[in-house]
């Protein structure tokens, strides 16, 4: 499976995938603004994407989604491994992320891939059911 590096022509597809994956989806404009930043890096294909911020020796997963019909098929692992390869080549030491506390599948995937919990953000996510906490996680490449 060949992933493309995310660029401006991908914004419509990114927004469409985000819409079917999140209660508060991002717009094409929001993705376009992020992609104009020199710190933004990501990879995608029609099944999903991972979008990150890379500053000095740290990265943060800004958003990450796999189309609902493609989940639990190893695709999320492929996206994460692609990011890990980039991070290793760029001498990144830590990767951070926030995940909704009730997103058990994502939390399990992140733990499987080596992320560890390092905090909670109260009411971080807006959902149709009201605010939800975020689990903060970190991956230490140097461990």
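The values are calculated or read from the model by the stated rules, or taken from the named source; none is laboratory data. None of the values given here were measured: they were computed from a predicted structure. Here the Cβ positions follow ideal geometry from the backbone for every residue, glycine too, while neighbour counts run over all protein chains shown.
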(request) For residue 35, indicate whether it is at pLDDT 95 or above, within 27 Å of residue 9 (Cα to Cα) and surrounded by 15 or more Cβ atoms within 10 Å (Cβ to Cβ). (result) yes
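Here's the yes/no breakdown for (1) over 22 Å from residue 15 (Cβ atoms); (2) surrounded by fewer than 18 Cβ atoms within 10 Å (Cβ to Cβ); (3) in contact with a helix residue (DSSP H, G or I) (Cβ under 7 Å, 6 or more places away or on another chain):
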{"site": "55", "(1), (2), (3)": "yes, yes, no"}
{"site": "58", "(1), (2), (3)": "yes, yes, no"}
{"site": "64", "(1), (2), (3)": "no, no, yes"}
{"site": "70", "(1), (2), (3)": "no, yes, no"}
{"site": "73", "(1), (2), (3)": "yes, yes, no"}
{"site": "82", "(1), (2), (3)": "no, yes, no"}
{"site": "88", "(1), (2), (3)": "yes, yes, no"}
(request) Give region 4-19 a look and list any residue that's under 18 Å from residue 75 (Cα atoms), in contact with a helix residue (DSSP H, G or I) (Cβ under 8 Å, 6 or more places away or on another chain) and surrounded by fewer than 17 Cβ atoms within 10 Å (Cβ to Cβ), or say none. (result) 4
(request) Among the residues of region 91-139, count how many are assigned to a loop (DSSP other than H, G, I, E, B) and exposed (fewer than 13 other Cβ atoms within 10 Å of the Cβ). (result) 7
(request) Examine region 15-25 for a residue that is farther than 17 Å from residue 71 by Cα and modelled with pLDDT of 95 or more, and state whether such a residue exists. (result) yes
(message) closer than 21 Å to residue 114 by Cα and not in a helix (DSSP H, G or I): is that true of residue 84 in this structure?
(response) no
(request) Go through region 1-22 residue by residue and tally those that are touching a residue at least 40 places away in the same chain (Cβ under 8 Å) and assigned to a loop (DSSP other than H, G, I, E, B). (result) 5
(message) surrounded by fewer than 18 Cβ atoms within 10 Å (Cβ to Cβ), outside any strand (DSSP E or B) and touching a residue at least 40 places away in the same chain (Cβ under 8 Å): is that true of residue 142 in this structure?
(response) yes
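What about residue 56, is it over 12 Å from the mean Cα position of the chain (by Cα), without any contact (Cβ under 8 Å) to a residue 60 or more places away in the chain and within 28 Å of residue 2 (Cβ to Cβ)? Working first, answer last.
On the way: over 12 Å from the mean Cα position of the chain (by Cα): yes; without any contact (Cβ under 8 Å) to a residue 60 or more places away in the chain: yes; within 28 Å of residue 2 (Cβ to Cβ): no.
Against the criterion (over 12 Å from the mean Cα position of the chain (by Cα), without any contact (Cβ under 8 Å) to a residue 60 or more places away in the chain and within 28 Å of residue 2 (Cβ to Cβ)), residue 56 does not qualify.
Can we say residue 22 is touching a strand residue (DSSP E or B) at 6+ places or on another chain (Cβ under 9 Å), under 27 Å from residue 138 (Cβ atoms) and surrounded by fewer than 19 Cβ atoms within 10 Å (Cβ to Cβ)? Spell out how you get there, then give the answer.
Values: touching a strand residue (DSSP E or B) at 6+ places or on another chain (Cβ under 9 Å): yes; under 27 Å from residue 138 (Cβ atoms): yes; surrounded by fewer than 19 Cβ atoms within 10 Å (Cβ to Cβ): yes.
For residue 22, the condition - touching a strand residue (DSSP E or B) at 6+ places or on another chain (Cβ under 9 Å), under 27 Å from residue 138 (Cβ atoms) and surrounded by fewer than 19 Cβ atoms within 10 Å (Cβ to Cβ) - is met.
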